[in-house]
Amino acid sequence: TKPEWIPADSTGQKMNYLSHSGAFLDPGILEAQKYAENLIMDIAVNYDIDGIHLDYIRYPDIEFGYSNLALKRYFSENNDVENWQNWKEEQITNFIENIYQKIKIEAPFVKLSAAVFANIETAKLLYSQNWINWLEKGIIDNVYLMDYSTSNDVIETHLSRYENVF
């Protein structure tokens, strides 16, 4: 019902959910953030649950985030095109921080977790997902690495690389 909330690429083309592992809301749109926040808080406050797990708490990939509403908001707050990737990352981090704080006030025993890409450079660059920052800031209880590999060495490298973070 809100096609304007769907992430768009730099040409204005809306994301095709069939080619990007599902449907997304553009994190740069405050109304979309508020909608997701209301859903999450309704569940956290009104149901006997142990936690909320955020999957797809990211951009579909680096080419997205250019919806008209997100661009309008960005340029009302910034005049530096070089800051675009940082701004996108901040949208997700700020959303998580806001949700975490509200959950801890309204339902303090509910844990907040997220599925994240295991390689932090890839997570930040392609998906604006700075999960190490989230852990360091204490705005999420747990992250679960999406480390899809058939190589034990790749997985062990990621786990050992981040063992001080967990």
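The values are calculated or read from the model by the stated rules, or taken from the named source; none is laboratory data. Please read all numbers here as calculations on a predicted model, not as lab measurements. Quick reminder, even Gly has a Cβ in these numbers, built from the backbone with ideal geometry, and neighbours come from all protein chains shown. Side chains included, ligands, DNA and RNA excluded: accessible areas come from the protein's heavy atoms. Shrake-Rupley method; radii C 1.70, N 1.55, O 1.52, S 1.80 Å.
Name the residues in the stretch 1-33 that are surrounded by 12 or more Cβ atoms within 10 Å (Cβ to Cβ) and not in a loop (DSSP other than H, G, I, E, B), would you?
E4, W5, A8, D9, K14, L30, E31, A32, Q33
Out of everything in the stretch 113-154 that is free of Cβ contacts under 8 Å to residues at least 12 places away in the same chain and part of a helix (DSSP H, G or I), what residue ends up being nearest to I57 (Cα to Cα)?
Step one: list which residues in the stretch 113-154 are free of Cβ contacts under 8 Å to residues at least 12 places away in the same chain, which gives 121-122, 138, 148-154.
With part of a helix (DSSP H, G or I) added as a condition, the list becomes 121-122, 152-154.
Details: E121: 16, T122: 14, N152: 26, D153: 27, V154: 23 Å.
Among them, the one singled out is T122.
Among I103, I43, I92, I49, which is touching a residue at least 60 places away in the same chain (Cβ under 8 Å) and open to solvent by 20 Å² or more (accessible area, probe 1.4 Å)?
I49
Could you list, in sequence order, the residues of the stretch 8-35 that are free of Cβ contacts under 8 Å to residues at least 60 places away in the same chain and of a type in the set (A, V, I, L, M, F, W, C)?
Result: M15, L18, A23, F24, L25, I29, L30, A32.
For residues that are charged (D, E, K, R) and under 29 Å from F109 (Cβ atoms), tally how many sit in the stretch 1-49.
Qualifying residue count, the stretch 1-49: 4.
Among the residues of the stretch 138-159, are any open to solvent by less than 40 Å² (accessible area, probe 1.4 Å), over 13 Å from the mean Cα position of the chain (by Cα), at pLDDT below 95 and acidic (D, E)?
The answer is yes; a qualifying residue exists.
Check off (1) of a type outside the set (G, A, S); (2) part of a helix (DSSP H, G or I); (3) open to solvent by 30 Å² or more (accessible area, probe 1.4 Å) for Y66 and give me the number that stays unchecked.
(2)
I need the full set of residues from the stretch 106-118 which are closer than 29 Å to Q85 by Cα, open to solvent by less than 50 Å² (accessible area, probe 1.4 Å) and not aromatic (F, W, Y), in order please. Talk me through it step by step, then tell me what you get.
First, pick out the residues of the stretch 106-118 that are closer than 29 Å to Q85 by Cα: 111-118.
Checking which are open to solvent by less than 50 Å² (accessible area, probe 1.4 Å) leaves us with 112-118.
If the condition is that a residue be closer than 29 Å to Q85 by Cα, open to solvent by less than 50 Å² (accessible area, probe 1.4 Å) and not aromatic (F, W, Y), then L112, S113, A114, A115, V116, A118 are the ones that fit.
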